[in-house]
Amino acid sequence: MLKKTYIRNGKNQIIGSETSGFANGDTLVRDSHGKILGRANSWYHNTRDAHGNLVSTNTDDAGLLFEE
């Protein structure tokens, strides 16, 4: 089952969302306009940006993809 979680900044404004629950362990990260920022994978413990480049090889933290 897919689960969507909204991410807010310190001013309580929505800056993006995370959709988790994919069969391959991915969490899809989108900005507030719906543009894909990247993916975090809980099986391989890595985070990739929208172009597939590695952001982190040892953590599956989707928060690394947000700039705010």
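On the basis of being at pLDDT 95 or above and of a type outside the set (A, V, I, L, M, F, W, C), does ARG39 make the cut?
Against the criterion (at pLDDT 95 or above and of a type outside the set (A, V, I, L, M, F, W, C)), ARG39 qualifies.
Restricting attention to region 1-20, and to residues there that are among the small types (Gly, Ala, Ser) and within 12 Å of the chain's Cα centre (by Cα), which single residue is farthest from TYR44 (Cα to Cα)?
In this case the residue turns out to be GLY16.
Considering only residues of region 37-64 that are in contact with a helix residue (DSSP H, G or I) (Cβ under 6 Å, 6 or more places away or on another chain) and of a type in the set (A, V, I, L, M), which is farthest from TYR6 (Cα to Cα)?
Looking at residues that are in contact with a helix residue (DSSP H, G or I) (Cβ under 6 Å, 6 or more places away or on another chain) and of a type in the set (A, V, I, L, M), I get VAL55.
Need at least 2 residues that are touching a residue at least 40 places away in the same chain (Cβ under 8 Å) and surrounded by 14 or more Cβ atoms within 10 Å (Cβ to Cβ) per element, so show me which strands (runs of 3 or more DSSP E) inside the chain make the cut, counting only ones lying wholly within it.
14-20
The values are calculated or read from the model by the stated rules, or taken from the named source; none is laboratory data. On a predicted model such as this, the values are computed, not experimentally measured, just so you know. Don't worry about glycine lacking a Cβ; one is built from the backbone with ideal geometry, like all the others, and counts go over all protein chains shown.
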